[in-house]
1. Roughly how many Å² is the accessible area per residue of segment 270-377, as a whole number, for a 1.4 Å probe?
2. Just order 107-120, 325-338 by mean Cβ neighbour count inside 10 Å, highest at the front, would you?
3. Multiplying the sequence separation of residue 47 and residue 329 by 0.36 nm and subtracting their Cα-Cα distance, what value in nm do you get?
4. Students often forget the sequence filter, so: which aspartates and glutamates lie under 17 Å Cα-Cα from residue 189 once same-chain residues fewer than 8 apart are removed?
5. For a test of the definition: using alpha carbon positions, the gyration tensor, and the 1.5 limit on a/c, classify the chain as rounded, prolate or oblate.
6. What percentage of the solvent-accessible surface of the chain, computed with a 1.4 Å probe over protein heavy atoms, is contributed by carbon and sulfur atoms?
7. Roughly how far apart, in whole Å, are the Cα centres of segment 71-148 and segment 263-335?
8. Could you order 284, 344, 196 by accessible surface area, starting with the largest, using a probe radius of 1.4 Å?
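The values are calculated or read from the model by the stated rules, or taken from the named source; none is laboratory data. None of the values given here were measured: they were computed from a predicted structure. Methodologically, a virtual Cβ is constructed for each residue, glycine included, from the backbone with ideal geometry; neighbour enumeration extends over all protein chains shown. Only protein heavy atoms, including side chains, enter the accessible area calculation; ligands, DNA and RNA are left aside. Shrake-Rupley method; radii C 1.70, N 1.55, O 1.52, S 1.80 Å.
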Amino acid sequence: MSKLNKIKVLTIFGTRPEAIKMAPLVNKLNQEDCIEAYVCVTAQHREMLDQVLELFNIIPDFDLNIMKKNQTLTQITSKVLEGLEDVIKKVQPQIILVHGDTTTTFAGALAAFYHQVKVGHVEAGLRTHNKYSPFPEEMNRTLTGHMADFHFTPTLRNKENLINEGIHKDRIFLTGNTVIDALIETSKKEYDFRDSSLKEIDFEKHRIITVTCHRRENLGEYMHNIFYALKDIVEMFSDIEIVFPVHLNPKVRSVAAEVLGDIERIHLIEPLEYQPFVKLMAQSYLIITDSGGLQEEAPALGKPVLVVRKETERPEAIEAGTVKLVGVERKDIAKMAGELLNDSSAYKAMAQAVNPYGDGTASDRIVRIIKEQFDIS
Ligand code: UD1
Ligand code: UDP
């Protein structure tokens, strides 16, 4: 094969967290003369995706616009696969980049494979080893991993997970997580809260707990438990305010409104843009979440996190002491939050800034590796 002067890189993503974590990489790819960079968004999310595209000044070359209210996994998968057919034929990329573990990620990798285009998997190698938890993410990322040609892993443990699954070590690149690139870039910029929903919160006199909760496997009984625990926490502590930007999933919103609507010091607000959200985390006392991204960002900001899930694919920050896995039972969540809110030394022991997930240069590393692998400069 003759040496290429330039390659085409097609980056595919569709949801809020993928966009946040791919944005720094997309912007780095755009700066390279030897790379023709294309972006295709599936728009598995719409409003929550567009917020991020705007912040990072990304104008997609292709937008599959697939979001429909309450659509099923099958619908997402088939629409992404069909939509990508034309895009891949048109661009004819040398490599397709996908991120993490959403259904867009899996379908994007599968579409690349069907067209025999190489796949680069960003945020590769995270595992719980439980097929149904998180659902469907564990299987999405495992299947994507087995279609990928280049695996960009955040941590050494992620690399070992892949080696244990038979992936050759020469295909695995320890880069750190691009979420830290996004977080550092965003935290650097001055920002004053503009959202009226945040202006009414007393950041001076009250301790703030930021909450997010949306996972599919938590929908139903577990989500009820989690939300009742939040109610218990504000009842136990009069100096606590809870700020909960509620995910746009109607199944989450209905439970949040039912259990937490109209409770003093619990603020159910709309999803925040990334900049105010980062500032909210930085001004919080504690974070309670089932999100993947927050488990990575909050430790970097030195904020203790209680993870309301049964298991996590991100044990590194637990080992570092900033994150605790508290499960999905009402009394366990309220008890653990109560201990931290009462005991300042237990709190201080957790409130240490640690960075097991990256140093803010993951995107640079990924771009460098792609250039080396395709022998372009
Ligand atoms: C998806 C990912 C999950 C990721 C999460 C991040 C899958 C199967 N799940 O879950 O891994 O952690 O995104 O948030 O890939 N909606 C809107 N507007 C939006 C976004 C969502 O109205 O901007 C509503 C729609 O009704 C949509 C529903 O939320 O049908 C659920 O969205 P979906 O992408 O299917 O699942 P998420 O729970 O968001
Ligand atoms: N986030 C945001 N606004 C919000 C809530 C979260 O910008 O109102 C950011 C958060 O900082 C993180 C990402 O969105 O980077 C997490 O996305 P989400 O919780 O949707 O997905 P997950 O991390 O669980 O995959």
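1. Per-residue value: 38 Å².
2. Details: 107-120: 20.8, 325-338: 17.9.
Per-residue mean Cβ counts within 10 Å order the peptides as 107-120, 325-338.
3. Details: separation 282, 0.36 × 282 = 101.52 nm, distance 3.15 nm.
The residue 47-residue 329 span can extend by a further 98.4 nm.
4. Cross-link targets: 54, 181, 273, 297.
5. prolate
6. Numbers: 7690 of 16060 Å².
That share works out to 48 percent.
7. The two parts, judged by their Cα centres, are 27 Å apart.
8. Details: 284 5, 344 70, 196 90 Å².
In descending accessible area the options line up as 196, 344, 284.
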